[in-house]
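What follows is one structure encoded as structure tokens, with my remarks underneath.
Rule-based calculations on the coordinates, nothing more; no lab input. Note that the structure is predicted; figures quoted are calculated from it, not measured. Because the Cβ atoms are built from the backbone with ideal geometry, glycine has one as well, and the counts that use them run over all protein chains shown.
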Amino acid sequence: MARSKFAGGKTGTGVLRRLWPAERELFKEHLLRLDAVTRRERFGTAVNDAFLENYAMTTFGVGGLVYAYVEDDVVRGAAELRGLDDIVAQTGEAAFSVEAGWRRRGIGADLLGRLITAARNRGIRTLYMTFLPGNTAMRRLAAKFEADLVGGYADVEGVIATGGPTPFTILDEALDNATGFATLALSIQRRFWPTTLLARALRA
């Protein structure tokens, strides 16, 4: 699990990790906090709360993977890798959302780096990211990862060649997943155990 070098705001406690299906509510709450401009940038059009609630419920399927920037058990940024169910195409789609107060801290770049590693390890050789022409933050992010940009008036598509898996990328993701799953388990314990009982158990 990677600690974001830019992340955390005043607390500095944010971590970058995979989200699991049991954390679907955290992802949904993140989407619902997005302002109107960020929603439009993420989905290419105006969307309401009902759309976001349904979207969150269907995101953690066979063909999807979600990484998030999590601060104090709250998701402040998320990146999705879609297309994992089509192993023949060897292509995937990346999408991002970062809450307004957490932008310009490198969170999007850290998330994209995680998605590229995950894509490589799953045989995805080409990663696409589509965004509105006026989304300068996504343009900068695409340029940082040397994406080829194609598009026009309606939208812009960034194309990233990911490369193949290596022992290092596989180990990197395995360690991240193991640590992230341990964090999930601890979060569930905190949710259901009284604080005093949890403290006693940790001291035992």
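Summing +1 for each Lys or Arg and -1 for each Asp or Glu among the other residues whose beta-carbon sits under 10 angstrom from that of T162 gives +3.
Would you list V70, V75 from fewest to most Cβ contacts within 10 Å?
Least crowded to most crowded, the residues run V75, V70.
Ordering E93, E146, E157 by the number of other Cβ atoms within 10 Å of each residue's own Cβ, fewest first, gives E146, E157, E93.
May I ask you to sort T136, T117 by Cβ crowding, counting other Cβ atoms within 10 Å and putting the fewest first?
Listing T136, T117 from fewest to most nearby Cβ atoms yields T136, T117.
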